[in-house]
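Q: Questions regarding the structure given below will be posed in turn.
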Amino acid sequence: MPDSQTPNSQQSALREPTAEQRRHWRLVVEGVIAKHGARPEQLLQILIEIQEELSWLPLKVVTDVAERLSISRARVEGVVGFYSFLHTRPNGRFRVLFSNNIIDRMLGSQTMMDEMCRKLWLQPGKMSEDGLVSIGPTSCTGMGDQGPALLVNGMTITKLTHQRVNLISELIRKDTPLAQWPQDLFAVDDNIQRKDILLNSALKPGDALRAALANGPDALMEEMKKSKLRGRGGAGFTTAQKWDFCRQAPVDEALGRVVVCNADEGEPGTFKDRVLLTRYADLVFEGMTLAAYAIGAKKGFLYLRGEYRYLLAPLQEVLSARRAQGLLGASILSQTGFDFDIEIHMGAGAYVCGEETALLESLEGKRGTPRIRPPFPVTHGYLGRPTSVNNVETLASACLIATQGGDAFAKIGTAQSSGTKLLSISGDCAQPGIYEFPFGATIAEVLEACGATDVQAVQMGGASGVTLAPSEFSRKMAFEDVPTAGAFMIFDSGRDMFEVASNFVHFFAHESCGFCTPCRVGTSLLTGYLDKLSNGYGSKPDLAEIDTLNRVLKSTSHCGLGQAAANPILDGLKKFRPAYEKRMLHQDFEPAFNLDAALERARQITGRDDAGAHILEEQA
Amino acid sequence: MMNAVVKPPRPKLRVATTSLAGCFGCHMSILDIDERLIDLLELVEFDRSPLTDIKHCGPCDIGIIEGGICNSENVHVLREFRANCKTLIAIGACAVNGGLPAQRNHLDLQEILLEIYQAGPVIDLDHARIPDDPELPLPLDKVHPIHEIVRIDYFIPGCPPSGDAIWTFLTELIAGRTPSLPYSQLHFD
Ligand SMILES: Cc1cc2nc3c(=O)[nH]c(=O)nc-3n(C[C@H](O)[C@H](O)[C@H](O)COP(=O)(O)O)c2cc1C
Ligand code: SF4
Ligand code: SF4
């Protein structure tokens, strides 16, 4: 995300604050730190909450926070710099971020962003002169079923139309506080289109826990094993095995083990966890409590992506209700020794924090850099304690297993993929939304269900997944065939698959955490080549270079982000090659930009226009 | 007695080198192969190069480019090398990535020139202005790595690459093997 660096914002960043301002800043810092305790592992949460009050993080505040937590200022600045939702420069009283995923773009997000910029007299990525508003793009906000979407001061608005853009621009121009905006602007639909065992669940809070407590943790582990449940977050690791490793890991009993629910849902085109957290939050928290019971954990975290900030208050309410019902806290359901509670941690706009070890770093209040493994989180996770990190859907599914038994669950699906899978369907179809299918459903069946015709391609599993061509639509959704973390983006024959891949690669370049060189440099070189092609300067040798880069990224990146970053192009070159070749306008090598145009600035400055002030095309 | 078969000496490869937007550090590093320079001269002869002072590049086997592209003259020289060299090598961070000179890329060209020619410690403030003599090559708005202007066959990273790395690379290439540098010659920490 380009930091808005208008001279204006620079000046006010550097201007000495008034004594009044300083007092206010200090008060806010003290208030937030009093709430969290001066614990460095709360750093990210503290910074997020301070910024919610001040709308940015002045360097003086950064210094104060460092002092109060007794950590270096460099560490605090490092964290602020890492997360794209945190700013050390004033960034407008209204901060508008348009979701930039290909699906939102297909629905017109770019024109709407331009329109809003025009209406409010500013450039994308910049703050208006009066400090009122800044507008820019952001990675997928998880609203592909009801885009185009935007975030204003962290709150989600979906289904953008020209009327809505008008209305929002007006509200901003009149400086209307967010609390006074029409509330229906902030409505988010669930769009549940097809239910199966999970979404049909009629379990009441406590049902699954009571069933588990009746038979003890060993019996629960037994059922989990029988269920053959595999993680829904992408990697598909067997959940029972993960829990088993964690419960076997040596632990300091006073600290206990940790359960983490991964609700980062950053994969472009994925939004099924959003719906589970909206409609089935009890099931998710109960799944976490089951995991705690099975592995002997005392502490739980839900790591909620910053884009879902609007879900924080409702989720806190569910947690309070569960505490009141004796389903969380000390002696859960009157079982002495079964103590477990859940804390919600917010993310702040970093896709890589969905990777489980980056997530743990982020939970500890650090930059979200993936850890070197081994040791794995199951033995050394949050603050070095044995930790099980599971996806939202995985944990919700555990409730079904606790009540109906592992065998019943394993009967559904395929041999290696038991149960059902939630799909987040978006793009060119009649009915986007959430579809629950048993594993083993074919791509064609899914397309039929959502009313998609004239389909050119399906992107399974998000930007890092696979691009499927029509010849593959008889393949099955299953770990043994086409695995998926839940995204299902549909592109009809009118779409340009080069644009799709290019959008994904720009996403990876933007989200690369920068820790390892192959990914940090490789993703930006890759975007350079794609832009070159897209600007009409492509030539054959470029494809060879892209190929080499793809191989370097795949084989040498430190984490899954870099390893997957080349996928969209690799699939694209294999299955949609003409979309690339039609951009190869030149047989031999072409420069990446117009050389003569690159002299224009200097011609203007010097007033020259002689022959030497131009670079001609080379004679072939 | 049979006549001994006399192998004709292998023709020497022709090598050209130049420094574009670089600091000559990479050329210093070429000299850093020390006495092996004499061995190298058994295998190659130099065409255009700061070592020979030949002004234009003729047909060559290998071209070695130090530095990125910051002005129109750089473009012309680079094109001349590409047109004449069978194999073109980017040597050093500046040629490979733009390097230090590319630090100006996030600044506006006019701002930079004004800072240098008017705001800096100017001797004659009344006549200070941005040079516009047609003799001078115009600066590009941004500094570019050379592979964005012409096709490049090999890259030798480093700032500068060590004499050993250059030696390994050239001898491998001349021997007809695809050069690859061992880790010890690639890392700088
Ligand atoms: C770059 C990257 C992003 C990821 N994002 C998510 C995510 O948003 N949600 C998620 O559950 N898993 C995500 N994962 C997978 C997690 O690392 C981890 O495998 C998963 O949370 C484990 O839960 P499960 O076993 O229930 O699937 C991501 C992995 C990578 C490499
Ligand atoms: S692959 Fe990319 S995201 Fe992963 S650690 Fe390396 S730089 Fe960070
Ligand atoms: S790479 Fe380093 S040594 Fe070589 S020209 Fe550039 S700055 Fe000089």
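Derivation of every value follows stated rules applied to the coordinates shown; laboratory data play no part. Keep in mind it's a predicted model, so treat the numbers as computed, not measured. Every residue, glycine as well, gets a Cβ built from its backbone with ideal geometry; the counts of neighbours run over all protein chains shown.
Q: Any of A:K554/A:K574; A:K228/A:K554; A:K540/A:K582 with alpha carbons more than 18 Å apart? Name them for me.
A: Table pairs above 18 Å Cα-Cα are A:K228/A:K554.
Q: Over chain A, what is the relative contact order in whole percent, taking alpha-carbon pairs under 8 Å and six or more residues apart?
A: 13 percent.
Q: How do B:R129, A:R22 line up, fewest other C-beta atoms within 10 Å first?
A: Ordered by Cβ neighbours within 10 Å, fewest first: B:R129, A:R22.
Q: Right, here's the next one. Cross-link list A:K532/A:K575; A:K225/A:K421; A:K35/A:K242: which exceed 24 angstrom alpha carbon to alpha carbon?
A: From the list (A:K532/A:K575; A:K225/A:K421; A:K35/A:K242), the Cα-Cα distance tops 24 Å for A:K35/A:K242.
Q: Mean shadow of chain B, computed from the convex hull of its alpha carbons, in nm²?
A: Taking a quarter of the hull surface, the average projection is 14.9 nm².
Q: Considering the dipole of chain A built from charges on the beta carbon (Lys and Arg +1, Asp and Glu -1) around the Cα centre, which of A:A592, A:F507, A:V455 is farthest to its positive end?
A: Of A:A592, A:F507, A:V455, it is A:F507.
Q: Apply the Kirkwood formula to the stretch A:7-82: the hydrodynamic radius equals the inverse of the mean of 1/r over all pairs of different alpha-carbon atoms; give it in Å with one decimal.
A: Over the stretch A:7-82, the inverse of the mean reciprocal pair distance is 12.6 Å.
Q: Compute the relative contact order of the stretch A:194-410 as a whole-number percentage, counting only Cα pairs closer than 8 Å that sit 6 or more residues apart in sequence.
A: Reported as a whole number, the value is 33 percent.
Q: OK, next. If you filter the stretch A:321-400 for chymotrypsin sites (Phe, Trp or Tyr not before Pro), then keep DSSP loop positions with at most 12 other Cβ within 10 Å, what is left?
A: In loop regions of the stretch A:321-400 (DSSP not H, G, I, E or B), there are no sparsely surrounded chymotrypsin sites (Phe, Trp or Tyr not before Pro).
Q: Taking N as the number of residues in the stretch A:351-428, what value does Rg over Cα atoms divided by 2.2 N^0.38 Å take?
A: Rounded to two decimals, the normalised Rg is 1.41.
Q: For the pair B:L186 and A:L383, what calculated FRET efficiency results from E = 1/(1 + (r/R0)^6), where r is the Cβ-Cβ distance and R0 = 30 Å, to the nearest 0.05?
A: 0.25
Q: Can you find, among A:V188, A:L328, A:L359, the residue sitting farthest towards the positive end of the charge dipole of the protein assembly as shown, where Lys and Arg contribute +1 and Asp and Glu -1 at Cβ?
A: Farthest towards the positive pole: A:L328.
Q: When chain B is treated as a GNM, springs tying every alpha-carbon pair under 10 Å, which of B:L78, B:L37, B:L136 comes out with the largest mean-square fluctuation?
A: B:L136
Q: Okay, next question. Fewest Cβ neighbours within 10 Å first, please rank A:T523, B:T52 accordingly.
A: So the residues, fewest neighbours to most, are B:T52, A:T523.
Q: Another question, if that's okay. Which lysines have a Cα lying under 23 Å from the Cα of A:K174, excluding residues fewer than 8 positions away in the same chain?
A: Those lysines meeting the cut-off are A:K119, A:K126, A:K159.
Q: Roughly what would the spin-label model give for B:E135 and A:A74, points 7 Å off Cα along C-beta, in nm?
A: 4.9
Q: Another question, then. Compute the Rg to Rh ratio over the stretch A:1-153 from the alpha carbon atoms, using the Kirkwood formula for Rh, and round to two decimal places.
A: Over the Cα atoms of the stretch A:1-153, Rg/Rh equals 1.02.
Q: Now a separate question. To the nearest 20 debye, what is the magnitude of the charge dipole of the protein assembly as shown about its Cα centre, counting +1 on the Cβ of each Lys and Arg and -1 on the Cβ of each Asp and Glu?
A: Charge dipole of the protein assembly as shown: 1980 debye, to the nearest 20.
Q: Taking each pair of different alpha-carbon atoms in the stretch A:305-356 once, compute 1/r for the pair, average those values, and report the inverse of that mean as the Kirkwood hydrodynamic radius in Å to one decimal.
A: 12.7
Q: A further question follows. Under a Cβ-Cβ limit of 4.7 Å, which cysteines in chain A have nobody to pair with?
A: A:C117, A:C140, A:C246, A:C261, A:C353, A:C399, A:C513, A:C516, A:C519, A:C559
Q: Which FRET efficiency value, to the nearest 0.05, do you get for A:A313 and A:E20 by plugging their Cβ-Cβ distance into 1/(1 + (r/R0)^6) with R0 = 35 Å?
A: Efficiency, rounded to the nearest 0.05: 0.70.
Q: Which value in nm describes the separation of the simple spin-label points at A:E480 and A:E129, placed 7 Å from the Cα toward the beta carbon?
A: Modelled inter-label distance: 6.7 nm.
Q: How many nm separate the modelled label positions at A:A187 and B:H76, each set 7 Å beyond the Cα in the direction of the Cβ?
A: 6.8
Q: DSSP loop GluC sites (Glu not before Pro) in the stretch B:1-87 with at most 16 other Cβ atoms within 10 Å of their Cβ, which ones?
A: Those that pass, being in a loop and sparsely packed, are B:E35.
Q: Explain nothing, just the number: dipole magnitude of the stretch A:43-141 about its Cα centre with +1 on each Lys and Arg Cβ and -1 on each Asp and Glu Cβ, in debye rounded to the nearest 20.
A: 160
Q: Can you give the charge dipole size of the stretch A:94-189 about its Cα centre, rounded to the nearest 20 debye, using +1 on the beta carbon of Lys and Arg and -1 on the beta carbon of Asp and Glu?
A: 140
Q: If you don't mind, another one. With the calculation restricted to Cα positions, what are the radius of gyration and Dmax of the stretch A:425-494 in angstrom?
A: Every Cα atom of the stretch A:425-494 included, Rg and Dmax give 10.6, 31 Å.
Q: Based on DSSP H assignment, which helices of chain B show an axial Cα extent of at least 15 Å together with a mean Kyte-Doolittle hydropathy greater than or equal to -1.0?
A: TM-like helix candidates: B:72-84, B:163-174.
Q: Tell me, what are the semi-axes, in whole angstrom and largest first, of the equivalent ellipsoid of the stretch A:170-234 as set by the roots of 5 times the Cα gyration tensor eigenvalues?
A: 44, 16, 13
Q: Then there's this: Which shape class applies to the stretch A:194-410: rounded if a/c is under 1.5, otherwise prolate when a/b exceeds b/c and oblate if not, where a ≥ b ≥ c are the square roots of the Cα gyration tensor eigenvalues?
A: Rounded, because the longest to shortest axis ratio a/c is under 1.5.
Q: Binning every alpha carbon pair distance of the stretch A:94-189 at 10 Å from zero, what are the percents per bin?
A: 17, 57, 25, 1
Q: While we're looking at this one, here's another question. Mind checking the log10 I(q)/I(0) for the protein assembly as shown at q = 0.05, 0.09 Å⁻¹? Debye, one equal scatterer per Cα, no solvent, two decimals.
A: With no solvent term, the Cα-only Debye profile gives -0.33, -0.98.
Q: Further question: If neighbour count is taken as other Cβ atoms inside 10 Å, put B:Y117, A:Y280 in order from fewest to most.
A: So the residues, fewest neighbours to most, are B:Y117, A:Y280.
Q: Are there GluC sites (Glu not before Pro) in the stretch B:114-158 that DSSP marks as loop and that have at most 15 other Cβ atoms within 10 Å, and which are they?
A: Those satisfying the criteria are B:E135.
Q: If you don't mind, there's one more thing I want to ask. Positive end of the charge dipole of the stretch A:94-189 (Lys, Arg +1 and Asp, Glu -1 on Cβ, about the Cα centre): tell me which of A:T158, A:P177, A:C117 has its Cα farthest that way.
A: Farthest towards the positive end: A:C117.
Q: Another question, then. Distance between Cα centroids, the stretch A:68-121 to the stretch A:340-398: provide it in whole Å.
A: Answer, in whole Å: 24.
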